[in-house]
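To keep things clear, I will list the structure first and then write my remarks on it.
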Amino acid sequence: MPDAIVAEGLVKRYGQLVALDGLDLSVPEGTVTALLGPNGAGKTTTVRVLTTLLIPDAGRATVAGVDVLKDPQLLRSRIGASGQYAAVDEYLTGFENLEMVGRLYHMGVQRSKDRARELLERFRLTDAADRPVKGYSGGMRRRLDLAGALVANPPVLFLDEPTTGLDPRARLDLWDVIEELVAAGTTLLLTTQYMEEADRLADSIAVIDHGNVIAEGTANELKALVGGDRIELIVEHADSLAIAQQALEGLAQGEIRIEPGLRRLVIPVEDGSQALVDTIAQLAKHEVRIQDVGLRRPSLDDVFLSLTGHEADELINGKRTDSDEKVGGGAR
Ligand code: ATP
């Protein structure tokens, strides 16, 4: 699959501050990549460079086959962008906003009107079409903003924090709409601070920190970075900790951690559900009484904390990513 978006060694400085520090990225056609990172990581700067709004100090990028620096005008006709900085005119109606975008793309009066109506319908804004945007809810504005990015039917779409500030219902709503677009073949680069959003929408996730991709992979690959499933077990009597440890040694994929004060054992396992069944059977056989037992799967939150928190150095140096080249591909 050819890449719809390629960035190589992007650097962007603001005075002393290095916003992008040699960032590499590629997004295969027809797929979704999420840039996941904390505030100030460089997500918006990346999107602004890729959408021709900002000229990088170094590096190169192509989007939809067009060099970002060489032919920004042509590029703009092949992409759609929406998000934090996108503009909808508060005083125009939803319909007028979309019609105006069509006119800006030289689509002609009739086609602009038709396309505006079609998109309003698709984004369930028909009832509000003739009301000024001023009175729209946050969710309605985001949908209109996204509709605006689609007027010219672009093959590549950039969404900068599409659901920031939305309530859970509106977020789910927008996710559905985005999934429909992707199913229809659009290549999508989205930025987000929400792990859940990256987990749900993205084929591939690039974790960004300090202007660099520090890890890249599918949600599952990234979760594997912080260790696989583990069983957490609390025994009734501290005396049985050692017996439990011995009984479960055969199931553990690595070292069993014991926290005597909490009467707790943490057992790294491979096939979590089966291991849970086996654990309970083993403990029953050895007559170890359990107070609590559960399967814990790493979330993207765990990944994020581990990558951008105090363990980041270890990961950036590639010690833990060496074992899986694909996952560690973005590490440097
Ligand atoms: P957020 O989630 O807060 O939007 P982000 O990951 O999108 O964060 P960027 O907006 O790309 O981060 O910012 C990267 C760094 O560059 C930040 O430290 C930010 O303060 C700085 N920065 C961005 N734009 C400018 C600017 N116009 N002038 C000076 N510094 C800037």
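Scanning the stretch 184-216 for residues that are under 19 Å from GLY30 (Cβ atoms) and open to solvent by 10 Å² or more (accessible area, probe 1.4 Å) yields a total of 9.
Looking at the stretch 181-270, what helices (runs of 4 or more DSSP H) fall wholly within it and have at least 2 residues that are of a type in the set (Asp, Glu) and in contact (Cβ under 8 Å) with a residue 12 or more places away in the chain? Spell out how you get there, then give the answer.
Working: elements: 195-201, 219-225, 241-248.
Correct list: 195-201.
Right, ALA147: within 27 Å of MET107 (Cβ to Cβ), more than 13 Å from the ligand (Cβ to nearest atom), small (Gly, Ala, Ser) and part of a helix (DSSP H, G or I) or not? Spell out how you get there, then give the answer.
Numbers: within 27 Å of MET107 (Cβ to Cβ): yes; more than 13 Å from the ligand (Cβ to nearest atom): yes; small (Gly, Ala, Ser): yes; part of a helix (DSSP H, G or I): yes.
When the stated conditions are applied, ALA147 passes them.
Which members of the stretch 95-111 meet the condition of being buried (at least 20 other Cβ atoms within 10 Å of the Cβ) and over 30 Å from the mean Cα position of the chain (by Cα)? Steps first, answer last, please.
From the stretch 95-111, those buried (at least 20 other Cβ atoms within 10 Å of the Cβ) are 95, 97-99, 101-102; that's our starting set.
Of everything in the stretch 95-111, those that are buried (at least 20 other Cβ atoms within 10 Å of the Cβ) and over 30 Å from the mean Cα position of the chain (by Cα) turn out to be PHE95, GLU99.
For the stretch 1-41, the strands (runs of 3 or more DSSP E) that sit wholly inside it and include 2 or more residues that are open to solvent by 30 Å² or more (accessible area, probe 1.4 Å) and free of Cβ contacts under 8 Å to residues at least 60 places away in the same chain are 3-14, 17-28.
For (1) away from the ligand (no atom under 13 Å from the Cβ); (2) closer than 25 Å to THR164 by Cα, each residue gets a yes or a no:
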residue: ASP3; (1), (2): yes, no
residue: THR44; (1), (2): no, yes
residue: LEU50; (1), (2): no, yes
residue: ALA58; (1), (2): yes, no
residue: ALA61; (1), (2): yes, no
residue: LEU69; (1), (2): yes, no
residue: SER77; (1), (2): yes, no
residue: ALA87; (1), (2): yes, yes
residue: MET107; (1), (2): yes, no
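The values are calculated or read from the model by the stated rules, or taken from the named source; none is laboratory data. Values in this document were obtained by computation on a predicted structure and should not be read as measured data. Backbone-built Cβ (ideal geometry, glycine too); neighbour counts: all protein chains shown. These accessible areas exclude ligands, DNA and RNA; they are computed on the full protein's heavy atoms, side chains included. Shrake-Rupley method; radii C 1.70, N 1.55, O 1.52, S 1.80 Å.
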